[in-house]
Structures are given as C-alpha cells and as structure tokens.
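Taking it in order: structure first as structure tokens, then the write-up.
The values are calculated or read from the model by the stated rules, or taken from the named source; none is laboratory data. As the structure is a computational prediction, the values presented were derived from the model and not from experiment. Positions of Cβ are backbone-derived with ideal geometry, glycine not excepted, and every protein chain shown enters the neighbour counts.
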Amino acid sequence: MSQEQSRPRRATSSTRSSGGGSNVNSTLSIIIAVLAVLLGFFILRDIRNDQSGQTLQAESDNTIATGTDTTLVEVPVATTLVLTAFKVQIANASGISGSAGQLTTELQGRGYIVQPALNKSEITPKQTVTVVYYLLGSEAAAAAVANELGGVGIAAMPAPIPTETGKLGEASVLVLLGTDIAGKPLGSGATVVVPVAPTTTTG
C-alpha cells in the first residue's frame, strides 16, 4: 500500500509540474501576443502615416492643378473692370442746373464710386458734347464710364483740369457734362463709342 500511495503522489507532483509549465507557456503566449499587437500597431501607424502623406501630397497637387484651371478660366474676369476700383468726378459744363448731381446719383446706382458733383472751371466754355477724361492708366475706366453714358468720347486729362477747383480729389476719371446728355436718363446719349475725343480748349 505504501507503493500505491507513493504512485499517486508522483502523479500529483507531475501534474503540478505540468500545470506550472502551462502557466509559463500561457504567460509567454500572452507576452508574445501583446508584442505582436504592439508591433502590428506601430507598423499600421507607419503605413497610415505614409498613406496620409501621399494623400496630402495628392490633395496639394490637385489644389495646384485646380488653382491653375481656375486662373485660366478666370482670366477674362481678371481683365473685367471692377467698378469700385476707381473714382469718378462729374463736372457740370452744360449750364443745366442740377444735371451733374443727377448723373452722379445715377452712376452711383449702377455701382460706380462718384465724388460730389462740381461745376466746370470759369475758363472752360459751355460744352454741347460730353467728354470723359482720364488720368494716365485709367483709360479702361474712362471707356466703361463713356459706355455707361451711351457711348460718349474719351480723351486724356487736359491741363489745367477743367473743374471749378482745378482738382480731381481721388478721382481718376472726369466727366465733363455737356448739353447732349445733361438732365436726360442715363444711357440715352450716343449709341456708338467714340475712341478719342478732341481735347477741350480752355484758353
């Protein structure tokens, strides 16, 4: 019986030792699994960073391409005159009271920035034909105003400036209002644009 008792003891001992081995194996398996997860996490993170970098680069390239396309499409818009980029001065040379103020209000209603109306200078004779004068570099602005007035003539700014103050303030375009369109609804003047009008003689 002593032999029979010793055998189970050995079995128990071997069971314990195998259980201990299982614990060690389980611990090692858990550690390996954790390391594998961490390693996988870092690898995936690097891959994602690389992909996001490529995505950002692609988006940047697309943006540049789109910007280029937009620029090409908007070239005509860029050459279109912005009405608020310049100021207009109207001087009454028609002799019709209030006509310069009326034209000022009408041009403002169409989006132009117009300074308070003035009268012509004392040495400037009464005008029967309206002329739009411009400072150097404001030819396109003068042409736009001339078209708005129905196609009146444009010309370079004479010297001295034919306003009662002899100045333009911040304006780069001067409308010397004549009797042809004074007091009439805007756009009722000439229908053909005259490229250049003769300079008014102020002598």
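Select the strands (runs of 3 or more DSSP E) contained entirely in the range 106-187, then report the ones holding at least 2 residues which are buried (at least 17 other Cβ atoms within 10 Å of the Cβ) and among the aromatic types (Phe, Trp, Tyr).
131-134
For residue 100, indicate whether it is crowded, with 23+ Cβ neighbours inside 10 Å and more than 12 Å from residue 177 (Cβ to Cβ).
Taking the combined requirement at face value, the residue does not satisfy it.
List the residue pairs whose Cβ atoms are under 9 Å apart, where the first residue sits in the range 79-93 and is among the aromatic types (Phe, Trp, Tyr), the second is in a strand (DSSP E or B), and the two are 6 or more positions apart or on different chains.
Matching pairs, first to second residue: 86/113; 86/173.
Does the range 133-151 contain any residue that is over 32 Å from the mean Cα position of the chain (by Cα) and either at pLDDT below 95 or of a type in the set (Val, Ile, Thr) (or both)? Let's see the steps before the verdict.
Pass one, the range 133-151, residues over 32 Å from the mean Cα position of the chain (by Cα): none.
Among the residues of the range 133-151, not one is over 32 Å from the mean Cα position of the chain (by Cα) and either at pLDDT below 95 or of a type in the set (Val, Ile, Thr) (or both), which makes the answer no.
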